[in-house]
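To start, the structure under review is shown below, and the notes come after it.
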Amino acid sequence: MVGNPEFIQNPSPFDSEIQQLESPEGELHLRFVVPSGMAFAIPAEGIREVMQQSPDRITPIPNVSPLLLGTINLRGQIIWVADLAQFLGDPTPLRTDRAEIPVIAIEDQDTLLGLAIHEMEGMRWLPPEGLQMQLNNIPDSMAPFIKGGWLPDEDEDMVWHLLDHIAILRSARWGT
């Protein structure tokens, strides 16, 4: 059948219905917001997993940093879960009195940490050339962890702040 010349020469009746996929431009990022409504993005390459976690599955640990909500078991591996907004100095506390809390497991080398956030906004390809390195109105507590941001465009009205997940993992704030 494949060697049949009629098969090769006759165009498929579905050719007009097939759409070409556009290749994405930029780098893939996970976008999310913290309780105050501030918007962030983390490069997909630094993310191990994204999950919805029931608050009763986060085991609180006494006498640790108040930034840490507790630990979870991720397929046999115990990882710490932190309140990202509190870590960044965001004034609005994370609500834990809900059915599920979004958690982003970030990693670098052998270090893994879960970041509890307010709400996921999905994945998006963001162009590196659109990244503004100097942003106004960044609180001093957040500045060491923000690499820049994408200013609002015609599709959106939010500034998406690019987080440095490695700086978060290696921060001295975890010892307090």
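The values are calculated or read from the model by the stated rules, or taken from the named source; none is laboratory data. Since we're looking at a predicted model, the values are computed, not measured. Backbone-built Cβ (ideal geometry, glycine too); neighbour counts: all protein chains shown.
Structural remarks
- Hey, E156 over 15 Å from the mean Cα position of the chain (by Cα), outside any loop (DSSP other than H, G, I, E, B), free of Cβ contacts under 8 Å to residues at least 24 places away in the same chain and farther than 22 Å from V64 by Cα or not: no
- Any hit, the stretch 37-49, residues being basic (K, R) and in contact (Cβ under 8 Å) with a residue 60 or more places away in the chain: yes
- In the stretch 105-145, the residue that is farthest from P91 (Cα to Cα) out of those that are hydrophobic (A, V, I, L, M, F, W, C) and without any contact (Cβ under 8 Å) to a residue 40 or more places away in the chain is L131.
- Test: residue in the stretch 61-77 that is part of a strand (DSSP E or B), within 26 Å of A143 (Cβ to Cβ) and among the aliphatic types (A, V, I, L, M): yes
- Residues that are among the hydrophobic types (A, V, I, L, M, F, W, C), surrounded by 12 or more Cβ atoms within 10 Å (Cβ to Cβ) and part of a loop (DSSP other than H, G, I, E, B) within the stretch 112-141 comprise I117, L135, I138, listed in sequence order.
- When residues of the stretch 109-123 are limited to those that are modelled with pLDDT of 90 or more and among the charged types (D, E, K, R), the one nearest to P66 (Cα to Cα): E119
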